[in-house]
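Participant: One structure, pasted below without further comment.
The values are calculated or read from the model by the stated rules, or taken from the named source; none is laboratory data. Quick caveat, the model's predicted, so the values are computed rather than measured. Cβ sites come from the backbone with ideal geometry, for glycine too, and all protein chains shown count toward neighbours. What goes into the accessible areas is simple: the full protein's heavy atoms, side chains included, and nothing from ligands, DNA or RNA. Shrake-Rupley method; radii C 1.70, N 1.55, O 1.52, S 1.80 Å.
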Amino acid sequence: MSSTLSVGFLGLGAMGAPMALTLARAGFSVRGFDVSPRAREQVGDALELLADPREAAAGADVVVVMVATGAQLHDVLFGERGVAEALGPDTVLLVMATVGPQTVESCAQGLESRGVRIVDAPVSGGTARAATGDLLVMVGGAEEDVAAVRPLLDAMAANAPLVGSRVGDGQRFKVVNQLLCGVHIAVAGEALALADSMGLDPAQCLEVLSTGAATSFMFEDRGPRMLQGEEAEVRSALDIFVKDMGLVTDAARAVAQPVPLASAAEQLYVRGRREGHGRHDDSSVFDILRSR
């Protein structure tokens with residue numbers, strides 16, 4: 001396969017739109033679909049936008065799915081307008097959404113009778129890196145199937161290692177990734193909230209501690225947005241970590257692995273949603289935790 005292959009891209013939200021645009025810029029023929037009419041604003045005329053997911057998937061060499069939840073993945077495959085009937089042995093289904101290993105394995109079982117080749121490839125890196133093709137993609141699947149979609153992965157990612165031969169291994173890696181990210185964001189918010197409660201200047205704490213052993217990517221990345229409060233740009237909604245930390249604890253429960261820090265962080269994000277922060281940036285954990 002080369003950049004002449006055709007791509008059906010299902011899910012043109014905050015991450016999907018820049019990923020699809022990156023593929024289009026790289027020379028791939030991309031047809032897209034999203035349930036939201038705002039998708040046109042996201043992609044403009046850079047790719048063909050269709051009103052039906054089956055039309056976007058029909059005849060494509062690769063069908064990329066970048067939705068938000070496992071329920072949405074199941075619906076786009078097997079729902080009323082599901083694309084499963086448009087898929088076959090000549091198609092590779094590239095699942096790039098973070099939906100957890102159990103969901104992607106269940107969908108693979110549902111497509112088994114059609115002989116569909118599936119590559120499980122969740123992403124990390126945020127919208128800015130999606131727009132520049134600098135994502136981390138954790139890839140699970142048979143080597144020959146991964147090789148078939150390698151040109152797409154290389155266009156979208158700075159690093160796209162094969163992390164396992166099973167469909168679901170990419171999701172397992174992403175679960176570990178999200179455990180680290182979710183806990184790091186939560187503890188960054190907790191640390192700055194403690195500084196604030198002790199009468200320290202959180203901005204100075206961020207500046208000073210970012211130069212020492214206590215720093216982390218999430219502390220340096222989310223810290224400035226924590227200090228901006230409600231004015232912070234929403235780059236990653238708190239609701240995403242409600243979902244993803246649930247995937248972490250579900251995966252841990254399935255293998256009887258204690259994850260006490262992940263569980264505590266999950267409850268913080270759930271609390272944030274209940275208090276109305278779900279669509280705020282995930283840096284709002286600072287406001288949730290601060291005492292004043």
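Participant: When the helix-only estimate is applied to the chain (DSSP H runs of n ≥ 4, each -39,500 (n - 2.57), divided by the residue count), what is the mean residue ellipticity at 222 nm, nearest 500 deg cm²/dmol?
Facilitator: -15500 deg cm²/dmol
Participant: Rounded to the nearest 5, what % of DSSP beta bridges with both residues in the chain are antiparallel?
Facilitator: The antiparallel proportion sits near 15 percent.
Participant: Another question, then. Is there a quick way to get the dipole size of the chain? I mean about its Cα centre, with the Cβ of Lys and Arg at +1 and of Asp and Glu at -1; what is the value in debye to the nearest 20?
Facilitator: 280 debye
Participant: Mind listing the phi-derived Karplus ³J(HN,Hα) values for region 83-95, rounded to whole Hz, using 6.51, -1.76 and 1.60 with θ = phi - 60°, and x for any glycine or proline?
Facilitator: Running phi through 6.51 cos²θ - 1.76 cosθ + 1.60 with θ = phi - 60° gives 8, 3, 5, 8, 9, x, x, 8, 10, 10, 8, 10, 8 Hz.
Participant: Which one of Leu94, Gln42, Ala20 has its Cα pushed farthest toward the positive end of the charge dipole of region 10-161, where Lys and Arg give +1 and Asp and Glu give -1 at the Cβ?
Facilitator: The listed residue farthest towards the positive side: Gln42.
Participant: To the nearest 20 debye, what is the magnitude of the charge dipole of region 65-196 about its Cα centre, counting +1 on the Cβ of each Lys and Arg and -1 on the Cβ of each Asp and Glu?
Facilitator: Once rounded to the nearest 20, the dipole reads 80 debye.
Participant: With θ set to phi - 60°, apply the Karplus curve 6.51 cos²θ - 1.76 cosθ + 1.60 along region 56-67 and write out the HN-Hα couplings as whole Hz, x wherever there is a Gly or Pro.
Facilitator: Karplus-based 3J(HN,Hα) across region 56-67 equals 5, 8, 4, x, 6, 5, 10, 10, 9, 10, 9, 9 Hz.
Participant: If you average the alpha carbon positions of region 143-162 and of region 87-110, how far apart do those two centres end up, in angstrom?
Facilitator: 16 Å
Participant: State the Cα centre-to-centre distance between region 65-79 and region 265-279 in whole Å.
Facilitator: When both Cα centres are located, 23 Å separates them.
Participant: Then there's this: For a quick check: with amide H placed at 1.01 Å from N, whose amide H comes under 5 Å from Val139's, ignoring anything fewer than 5 positions away on the same chain?
Facilitator: The list, which skips near neighbours in sequence, is Val163.
Participant: Here's something else I'd like to know. Whenever you get a sec, compute what percent of the accessible area on region 35-93 sits on carbon and sulfur atoms (1.4 Å probe).
Facilitator: C and S atoms contribute 48 percent here.
Participant: Using the crude model of +1 on Lys and Arg Cβ and -1 on Asp and Glu Cβ, and no other charge, please compute the dipole size for region 118-206 relative to its Cα centre, in debye to 20.
Facilitator: 80 debye
Participant: Can you tell me which of 40-49, 11-20, 215-224, 175-184 comes out highest on packing, and rank the rest after it, using the mean Cβ neighbours within 10 Å?
Facilitator: On the way: 40-49: 15.4, 11-20: 25.0, 215-224: 18.2, 175-184: 20.4.
Packing proxy ranking, top to bottom: 11-20, 175-184, 215-224, 40-49.
Participant: Per residue, how much accessible surface does region 18-160 expose to a 1.4 Å probe? Answer in Å², no decimals.
Facilitator: 42 Å²
Participant: Separate question: When a/c is below 1.5 the answer is rounded, else prolate if a/b is larger than b/c, else oblate, so apply that to region 54-178 with a ≥ b ≥ c taken from the square roots of the Cα gyration tensor eigenvalues.
Facilitator: In terms of gyration-tensor shape, rounded.
Participant: Taking H placed 1.01 Å from N in the peptide plane, check which residues at least 5 places from Leu200 or on another chain put their amide H under 5 Å from its amide H.
Facilitator: Placed amide hydrogens put nothing under 5 Å from Leu200.
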